[in-house]
1. Please find, among 79, 132, the residue that is farther than 23 Å from residue 199 by Cβ, over 12 Å from the mean Cα position of the chain (by Cα) and not aliphatic (A, V, I, L, M).
2. Would you point out the residue of the range 176-189, among those that are over 24 Å from residue 279 (Cα atoms) and free of Cβ contacts under 8 Å to residues at least 40 places away in the same chain, that is surrounded by the most Cβ atoms within 10 Å (Cβ to Cβ)?
3. How do the pairs read when you match residues in the range 253-266 that are under 25 Å from residue 231 (Cα atoms) with residues anywhere that are among the β-branched types (Val, Ile, Thr), using Cβ under 6 Å and keeping only pairs 6 or more apart or on different chains?
4. Could you check residue 113 against (1) within 27 Å of residue 281 (Cα to Cα); (2) buried (at least 16 other Cβ atoms within 10 Å of the Cβ) and say which number it fails?
5. Return the residues of the range 257-267 that are among the aliphatic types (A, V, I, L, M) and touching a helix residue (DSSP H, G or I) at 6+ places or on another chain (Cβ under 7 Å); say none if nothing qualifies.
6. Could you please find all residues in the range 190-231 being buried (at least 18 other Cβ atoms within 10 Å of the Cβ), of a type in the set (Ser, Thr, Tyr) and assigned to a helix (DSSP H, G or I)?
7. Can you pull out every residue in the range 49-103 that is closer than 17 Å to residue 137 by Cβ and among the β-branched types (Val, Ile, Thr)?
8. How about the range 232-251: which of its residues are in contact (Cβ under 8 Å) with a residue 40 or more places away in the chain, within 17 Å of residue 222 (Cα to Cα) and not in a loop (DSSP other than H, G, I, E, B)?
Amino acid sequence: MTGDARPDPTRTTGDARPGVTRTAGLGTAAELGRTSALAVACARDLARYAAGHPDLFPARPFDGGFFHSLGLVGAFGSPWATADELRAVNRAALWVFAVDLLIDHAATSRDEVDALVADCLAVAAGEEPRTPLAQVLAGLRDDAGQDPRWCDQLGRMLTAMTREWQWRESKAVPGLDEYVSNADSCGASFVNLSHWLYTGDPWTLTHLDLVRETGDEVQRYLRLLNDLATYDREARWGDANALTLGAGRAEVTERMAGHARTAGELIARLSQSSPRTGLYLERQIGFNTGFYGMSDYWGEL
């Protein structure tokens, strides 16, 4: 053998698949690096956008870690996308956190909650925004093309948030079935629909009822995952949580497993027609399961 016999880590092997390299970990690391760079770009965009609305996104709890967390979940959910293509999903998620904070921690009466909800629904129907919260929502409305399904999902989410507010104020203790049926309060399905209406492929946009059904099952899993992971914080903040409402960890874990199985079956069917939409939902489950094992999206209040 003549010449330099050291292996070239960028040289492809006999495997004809594109991107398969002699050093198996190199392709994986490059993919992770690209996705992480995408997450940084998303986080910077979110931070710049939030800086234009300081009253809506105060530094506590919207700290630097918060924006990077949202950037990560957006990027790892759709690593094939560009930062511009992730704008709708990222800003929808940002807005959900803002409205959640206003309803759960700023509103002092049902009248305030109802007025906030009414303003949001009016903007969704096409009216001009009158508040910073409504101004951000108007941008999401325009990105979604004022689709009636988006308006419907917004209404479902705000109704569910209001219901949780009423549970807390009345000291009601809903059972686990009732609690999980109110999972729209976490906003995952609203965020997903905003994303699909902005970037969805033709099949996804034509079959949104089926896609939304699958996303709703993923949302139920994420609602309970959040409750297990953030119990201590939500107990301090007074937020609705399956555990603070009396469900046991074993019961919640068992229910999560059932939702994960059902979601997996639905995603498998969905993936036959739209692989990326199925993979996006699969990654929502996987990323958040790993993320919540070590962290939380919110900063300190």
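The values are calculated or read from the model by the stated rules, or taken from the named source; none is laboratory data. Please read these numbers as outputs of a predicted model, since none were measured by experiment. Glycine also receives a Cβ, built like all others from the backbone with ideal geometry; neighbour counts cover every protein chain displayed.
1. Numbers: 79 fails: farther than 23 Å from residue 199 by Cβ.
Matching residue, one of 79, 132: 132.
2. Step by step, filter the range 176-189, then rank; the result is 182.
3. 263/218
4. Answer for residue 113: the failing condition is (1).
5. Step one: list which residues in the range 257-267 are among the aliphatic types (A, V, I, L, M), which gives 257, 260, 263, 266-267.
Once the filter is applied, which keeps residues that are among the aliphatic types (A, V, I, L, M) and touching a helix residue (DSSP H, G or I) at 6+ places or on another chain (Cβ under 7 Å), the range 257-267 yields 260, 263, 266, 267.
6. Answer for the range 190-231, where residues must be buried (at least 18 other Cβ atoms within 10 Å of the Cβ), of a type in the set (Ser, Thr, Tyr) and assigned to a helix (DSSP H, G or I): 194, 198, 199, 204, 214, 221.
7. 89, 96, 99, 103
8. Within the range 232-251, 233, 251 qualify.
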